[in-house]
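Engineer: The structure under discussion is supplied below as structure tokens; questions concerning it will follow.
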Amino acid sequence: MRLRDNASRCRDILRKVLTQRHELRTNQFTITMKTIIEPFRIKVVEPIRLTTPQQREAIIQKARLNVFSIRARDVLIDLLTDSGTSAMSSEQWSAMMHGDESYAGSESFFRLYDQVQEMTGFEHILPTHQGRASERILFDLLGSAGKVVPNNSHFDTTRANIERTGAAAVDLVIDEGYDPQSRHPFKGNMDLGKFEALIERVGADRIPLCMLTVTNNSGGGQPVSMKNIREVHDVCRTHQIPFFLDACRFAENAYFIQQREPGYADRSVTSIVHEMFDLSDGATISAKKDGLVNIGGLLLLRDAALAQQARNNLILTEGFPTYGGLAGRDLDALAQGFREVLDEHYLDYRIRSIAYLGEKLIEHGVPILEPPGGHAIYLDAKRLCPHIEPLQFPAQAITIGLYRIAGIRAVEIGSVMFGNDDTPADMELVRLAIPRRVYTQSHIDYVIEAIIELFAKRHELRGIRIVDAPPALRHFTATFEEI
Ligand code: F0G
């Protein structure tokens, strides 16, 4: 008896010593991480090209002051978009080798289907070649003259796809969403009062669906809270209005919910993503963002009859429902991309590195849309260039200036994109969208330096006039001159 007691006491002591030694070891080798390190190392590199100021001047003139017309090889740091510009992982590239290119019943489709079903709970999963194809199919079915589609803020292709059916696209984001200096944690939220007033005014039967864009790209990449998603869902339920997510950046939105919303700190991003989708009747997704792929989209639906109609449209315009405008290998890369985007170390790096860019600019007095968004930093052109009238496109002037000074390509999100000949947009912004897993901290430090230098010379920037523009989506192809 005593022998056994002694033996167990010895074991306890030994365990204690070993644990202490382990603690000592981990303490010795653990540091509190302050630097945001990229949670990957680089296996393949793509050279980028420095140009001289004289070369850039010739290039921007040839592009008629529209950065969309510049050849990518003439850009040093390309922050035009975070869409389709992600670096894929070695796992994604190897998944592509498993691509099953069968016309019907491809295994790649079923691998994607299983991943998306597990992640979202949706039964009807239609692949498309990109987000706007999902939008076109959805609004071909649900939009028509006299209908009204509310959203927090419609993205430009969503708005264009709604308007081409004759329906109206209405933005109902909270007032803070229009105030670049408001630090509201969920500036992408929809204003429920505005939504209910719209239902009251036009009648629920004229609203074929209500959308929420997560995160709200046109409003600065700002998140929508779970509380707001639930409340919008509840109003929709009361009035029998289908509720859809424009879920391009669902993982970034879920991460913000985990970080900022009471009650979610201990929840995994995966479970938050599931909860977001559980509340919706459908979703359009451009997989070119949080799918971590270069091409792809999805249309998710709960209603079987609507899904059947959508599949018929898909076959006519995109492809058979088990590939929908994509190669089998694209479907495999996407299935893997959706797994990787839910990695919380990746999301932590992603959101913190964008905040780093934003906070550094704020430190130097550069006015940006606050707080920093999920995929981009937006310069506030109204405050940066108060000497340029909104209809003389201050954000376009900054975009041109940034290319001239540093070979950086950003994009105007202001009156060129959302205004017309006599009405300016609500905000004049320059978006610096950060491609996923592409640039390192030194690239971002260079961007910071360039913007600080441009800020010091802001008084030299001049207003811009449109020379020529198409009737819709004019920012892509318009030509400009300086006033
Ligand atoms: N919805 C949102 C919120 C978007 O940001 C985009 C694309 C789309 C839909 C359309 O998806 O490009 O795959 O057809 N945004 C890109 C951007 C183009 O630069 O923000 P798509």
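Computed from the coordinates by the stated procedures, all read-outs in this text should not be read as laboratory data. On a predicted model such as this, the values are computed, not experimentally measured, just so you know. Backbone-built Cβ (ideal geometry, glycine too); neighbour counts: all protein chains shown.
Engineer: What 222 nm value per residue comes from the helices of the chain, counting each DSSP H run with n ≥ 4 as -39,500 (n - 2.57) and dividing by all residues, nearest 500 deg cm²/dmol?
Structural biologist: -13500 deg cm²/dmol
Engineer: Over the chain, what is the percentage of antiparallel beta bridges among all DSSP beta bridges, to the nearest 5?
Structural biologist: Close to 65 percent.
Engineer: Taking the beta-carbon count within 10 Å as an exposure proxy, list S153, S102, S83 from fewest neighbours to most.
Structural biologist: Going from sparsest to densest Cβ surroundings: S102, S83, S153.
Engineer: How about K289: which lysines have a C-alpha closer than 25 Å to its C-alpha, ignoring those fewer than 8 places off in the same chain?
Structural biologist: K43, K187, K227, K360
Engineer: What list do you get for Y446, Y346, Y103 if you sort them by fewest beta carbons within 10 Å?
Structural biologist: With the fewest neighbours first, Y446, Y346, Y103 line up as Y103, Y446, Y346.
Engineer: Here is a further query. Sorted from fewest to most neighbouring beta carbons within 10 Å, what does the list V341, V366 look like?
Structural biologist: By the 10 Å Cβ count, ascending: V366, V341.
Engineer: What aspartates and glutamates could a cross-link reach from K34, if we take a straight Cα to Cα line under 19 Å and drop same-chain neighbours fewer than 8 places away?
Structural biologist: Once the sequence-local aspartates and glutamates are set aside, what remains near K34 is E344, D348, E359, E363, D445.
Engineer: Next question, about the same structure. Give the separation of the Cα centroids, region 323-398 to region 95-162, in Å.
Structural biologist: 23
Engineer: Mind checking which lysines have their Cα closer than 16 Å to the Cα of K457? Skip sequence neighbours fewer than 8 apart in that chain.
Structural biologist: K382
Engineer: Could you calculate the FRET efficiency of R164 with Q309 from 1/(1 + (r/R0)^6), where r is the beta carbon distance between them and R0 is 22 Å, rounded to 0.05? Before the final figure, lay out the partial values.
Structural biologist: On the way: r = 18 Å, r/R0 = 0.82.
After rounding to 0.05, the efficiency reads 0.75.
Engineer: While we're looking at this one, here's another question. Let me know the Kirkwood hydrodynamic radius for region 90-340, please, with Cα pairs as the basis and the value in Å to one decimal.
Structural biologist: It works out to 18.2 Å.
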